[in-house]
1. Going through the range 118-153 one residue at a time, which ones are more than 27 Å from Lys169 (Cα to Cα), touching a Cys at 6+ places or on another chain (Cβ under 7 Å) and surrounded by 13 or more Cβ atoms within 10 Å (Cβ to Cβ)?
2. Let me spell it out: the conditions are (1) among the hydroxyl-bearing types (Ser, Thr, Tyr); (2) over 24 Å from Ala49 (Cβ atoms); (3) surrounded by 16 or more Cβ atoms within 10 Å (Cβ to Cβ), and Thr115 meets all of them except one. Which number is the exception?
3. Which of the residues that make up the range 142-161 are in contact (Cβ under 8 Å) with a residue 60 or more places away in the chain and not aliphatic (A, V, I, L, M)?
4. Could you list all residues from the range 121-138 that are over 21 Å from the mean Cα position of the chain (by Cα) and either outside the structural domain of Val73 (by TED's automatic domain parsing) or not small (Gly, Ala, Ser) (or both)?
5. Of all residues in the range 114-154, count the ones that are touching an Asp or Glu at 6+ places or on another chain (Cβ under 7 Å), closer than 18 Å to Ala63 by Cα and not charged (D, E, K, R).
6. Gly24: surrounded by 10 or more Cβ atoms within 10 Å (Cβ to Cβ), more than 26 Å from Thr126 (Cβ to Cβ) and modelled with pLDDT of 80 or more, yes or no?
7. Hey, among Arg150, Arg101, which residue is under 29 Å from Asp162 (Cα atoms) and in the same structural domain as Asn163 (by TED's automatic domain parsing)?
Amino acid sequence: MSDDDKVKDPQRRDFLGKATAVVGGAGAAAACWPLVSSMNPATDVLSKATTEVDIGSISKGEAKTIAWQGKPVFIVHRTEDQIRAMNESPGGKDPQPDGQRVIKPEWLVIVGICTHLGCVPNRSATGWSCPCHGSQYDLSGRILKGPAPRNLELPPYQFVTDNKIIIGKA
């Protein structure tokens, strides 16, 4: 085989092309890594991603407001009469069964921000009332009347024990 034949070897050329593509791809990935890494949440943000709440001190019929990711979350320990009334009511403008809005019927956990313009509703005996434009919510957080288009949001949460929940983790 002469020197001219070795230069014209197509297998050698294919290998060099593939090797160059692999090295170029690895270089592009290495150059993009800092950009992708900068889009991950910071540690202080991750630390506020979940909130553990002791619900053992909330008596039946009472509510507690806690902060989760800078938002108020209402935790209500509902009575048997309140649970029965919410099960019998289909809701209002955004109908949803009460059973789909709670994990345990005696505990309601909702984000306390009106779905109209973001005001914090005030609690009443029958639910919540938004002071900004008068939206009314029942004890399941479902919109009954007013300009709000949807029910109060449900945060992801789970029961760790009978007396503790973690909000922010489903």
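The values are calculated or read from the model by the stated rules, or taken from the named source; none is laboratory data. Quick caveat: nothing in here was measured; it's all calculated off a predicted structure. As a convention, Cβ positions derive from the backbone with ideal geometry for all residues, glycine included, and neighbour counts pool all protein chains shown.
1. Across the range 118-153, the qualifying residues are Cys130, Cys132, Ser135, Gly146.
2. Status for Thr115: all satisfied but (2).
3. Asn151, Pro155
4. Applying the first criterion (over 21 Å from the mean Cα position of the chain (by Cα)) to the range 121-138 yields 122-136, 138.
Within the range 121-138, Asn122, Arg123, Thr126, Trp128, Cys130, Pro131, Cys132, His133, Gln136, Asp138 meet the criteria.
5. 3
6. Details: surrounded by 10 or more Cβ atoms within 10 Å (Cβ to Cβ): yes; more than 26 Å from Thr126 (Cβ to Cβ): yes; modelled with pLDDT of 80 or more: yes.
Here the answer is yes, as Gly24 does meet what is asked.
7. Arg101
Per-residue answers, yes or no, for (1) among the hydroxyl-bearing types (Ser, Thr, Tyr); (2) touching a residue at least 12 places away in the same chain (Cβ under 8 Å):
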residue: Glu52; (1), (2): no, yes
residue: Ile55; (1), (2): no, yes
residue: Ile75; (1), (2): no, yes
residue: Asn87; (1), (2): no, yes
residue: Pro90; (1), (2): no, no
residue: Ile113; (1), (2): no, yes
residue: His116; (1), (2): no, yes
residue: Thr126; (1), (2): yes, yes
